[in-house]
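Q: Mind looking over this structure? Questions follow.
The values are calculated or read from the model by the stated rules, or taken from the named source; none is laboratory data. Computed from a predicted structure; not experimentally measured. Neighbour counts are summed over all protein chains in view; Cβ atoms, including those assigned to glycine, are modelled from backbone coordinates with ideal geometry. When the accessible area is computed, the model is the full protein with side chains, heavy atoms only, and any ligands, DNA or RNA have been set aside. Shrake-Rupley method; radii C 1.70, N 1.55, O 1.52, S 1.80 Å.
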Amino acid sequence: QISEVDFQDSINVLGFSDELNKSLLQLYLDNRKEIRSILGELAPRLPSYHSLEWRLDVQLASRSLRQQIKPAVTMKLHLNQNEDQTAQVLQTDPATLLHLIQQLEQALGEMKMNHCRRIVRNMK
């Protein structure tokens, strides 16, 4: 349900000619309801976050190595999907977890850019 101006802004980025942009806008306006219904049917039903349990395990020594520090982070991710709850158990070392956090923070930073905001606004 985007306005004509938002639609024009979205297709101007693609670099088409003005005549083609006007044709695309007219097609969109003529078939807006049908496009919305088809996109609604095609939308994937993804699981949603419910809760997260985590635990830090550290192995300090073993029979063969007396001074060994081996940390591990174990997480249990609870998800909701269609009124059903599922749980996924994940385990990683702290370095990999920090890298994952950095990548997710970078993705969130990119979502604040104008281009991404325009795309997300048009998807709603």
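Q: From the phi angles alone, apply the Karplus equation (6.51, -1.76, 1.60; θ = phi - 60°) to the stretch 48-65 and give each ³J(HN,Hα) in whole Hz, x where the residue is Gly or Pro.
A: 10, 5, 10, 7, 9, 10, 9, 8, 9, 10, 10, 8, 8, 7, 9, 4, 8, 10
Q: Over the chain, what percent of the accessible surface lies on carbon and sulfur atoms, probe 1.4 Å? Display every interim value, and only then the final one.
A: Numbers: 5940 of 10480 Å².
Summing carbon and sulfur atoms, their accessible area is 57 percent of the total for the chain.
Q: Explain nothing, just the number: relative contact order of the chain, from Cα pairs under 8 Å at least 6 residues apart, as a whole percent. Before the final figure, lay out each step's value.
A: Numbers: 111 pairs, mean separation 26.0, N = 124.
Once divided by the residue count of the chain, the mean separation gives 21 percent.
Q: When only C-alpha pairs under 8 Å and at least 6 residues apart count, what is the relative contact order of the stretch 46-92, in percent?
A: 38
Q: Charges on Cβ only, +1 for Lys and Arg, -1 for Asp and Glu, centred on the Cα centroid of the chain; of V13, A61, G40, which one is farthest towards the dipole's positive end?
A: A61
Q: Here's a follow-up. Taking only DSSP H segments of four or more residues, each worth -39500 (n - 2.57), what value at 222 nm results for the chain once the sum is divided by all its residues, to the nearest 500 deg cm²/dmol?
A: Taking each H run of at least 4 residues, the total per residue is -15500 deg cm²/dmol.
Q: Considering the alpha-carbon set of the stretch 85-124 alone, what are its Rg and its Dmax in angstrom?
A: 14.9, 39
Q: Separation between the N114 and I38 pseudo-spin-labels, each 7 Å from Cα along Cα→Cβ, expressed in nm?
A: Placing both labels 7 Å beyond Cα along the Cβ direction yields 3.1 nm.
Q: Kindly identify the chain as rounded, prolate or oblate by the Cα gyration tensor criterion: order the square roots of the eigenvalues as a ≥ b ≥ c, call it rounded if a/c is under 1.5, otherwise compare a/b with b/c, prolate if a/b is larger, else oblate.
A: It is prolate, given that a/c is not under 1.5 and a/b is the larger ratio.
Q: In Å, what Kirkwood hydrodynamic radius results for the stretch 46-92 from the alpha-carbon pair distances?
A: After inverting the mean inverse Cα-Cα distance, the result is 12.6 Å.
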